[in-house]
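**Q** Just dropping this structure here.
The values are calculated or read from the model by the stated rules, or taken from the named source; none is laboratory data. Just so we're clear, the structure is a prediction, and the values are computed from it rather than from any experiment. Counting neighbours? That spans all protein chains shown, and the Cβs are built from the backbone with ideal geometry, glycine included. Just the protein is used for accessible areas: all its heavy atoms, side chains included, with ligands, DNA and RNA removed. Shrake-Rupley method; radii C 1.70, N 1.55, O 1.52, S 1.80 Å.
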Amino acid sequence: MWFVVIGCALLAMKLAETGFAADWSWWIILLPFALAVLWWAFADSIGLTQRREMDKLEARKEERRQRQMDALGINWRRTKRVAVIREQRKVDLPPAAVPKKTEEERHNRDVLTAFLPSRQEMPPPVHTPVGKTDS
């Protein structure tokens, strides 16, 4: 970019025939433009331009993500810190009270248990050792 700016300044001085560039050869005046083309070719060949574009896109993506999280009221860094602090403190919460069953839930339980055999009515399980048969 600087080569182009310098080349434009030299070209303007040469065309206006003012300053030190008025007496210079056209080759010297046009040299910064040639250097700019060489620099761009070199930067593209080593991937410098693409890497800069990827960094810009990554920064924009991260900034957009932060904006969206702030809009939702989520501060993920704070949430992570709070999780670490809670893990360190490890406070045992009192057991929650068992909610009372509604009348409908009690009725459903009674209906289901009326058709299912109780444990006392079921025969004990038969355990046969692995590999043994009754023959």
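**Q** Pull up the cross-link candidates among the lysines for Lys80, meaning alpha carbon to alpha carbon under 20 Å and not fewer than 8 places away within one chain.
**A** Answer for Lys80, where 20 Å is the Cα cut-off: Lys90, listed by chain and number.
**Q** Related question: Could you work out how much longer the chain between Gln66 and Trp2 gets when fully extended? Use 0.36 nm per residue separation minus the Cα distance between them, nm to one decimal. Kindly include the intermediate steps, with their values, before the conclusion.
**A** On the way: separation 64, 0.36 × 64 = 23.04 nm, distance 3.42 nm.
Extending this stretch completely gives an extra 19.6 nm.
**Q** Let me ask something additional. Between Trp26 and His107, what is the label-point separation in nm under the 7 Å Cα-to-beta-carbon projection?
**A** Simple spin-label model gives 10.2 nm for this pair.
**Q** Using the Cβ atoms and a cut-off under 13 Å, what net charge is assigned to the surroundings of Ala59, where Lys and Arg are +1 and Asp and Glu are -1?
**A** +3
**Q** Under a crude label model (7 Å from the Cα following the beta-carbon direction), how far is Ala9 from Phe42 in nanometres?
**A** Going by the 7 Å Cα→Cβ label model, 2.0 nm.
**Q** Ignoring everything but the protein chains, give the 1.4 Å probe accessible area of Lys101 in square angstrom, nearest 10.
**A** Per-residue accessible area (Lys101): approximately 110 Å².
**Q** Summarise the accessible area of segment 11-113 (1.4 Å probe, protein heavy atoms) by the percent that is carbon and sulfur.
**A** Using a 1.4 Å probe with all protein chains present, segment 11-113 comes out at 60 percent carbon and sulfur.
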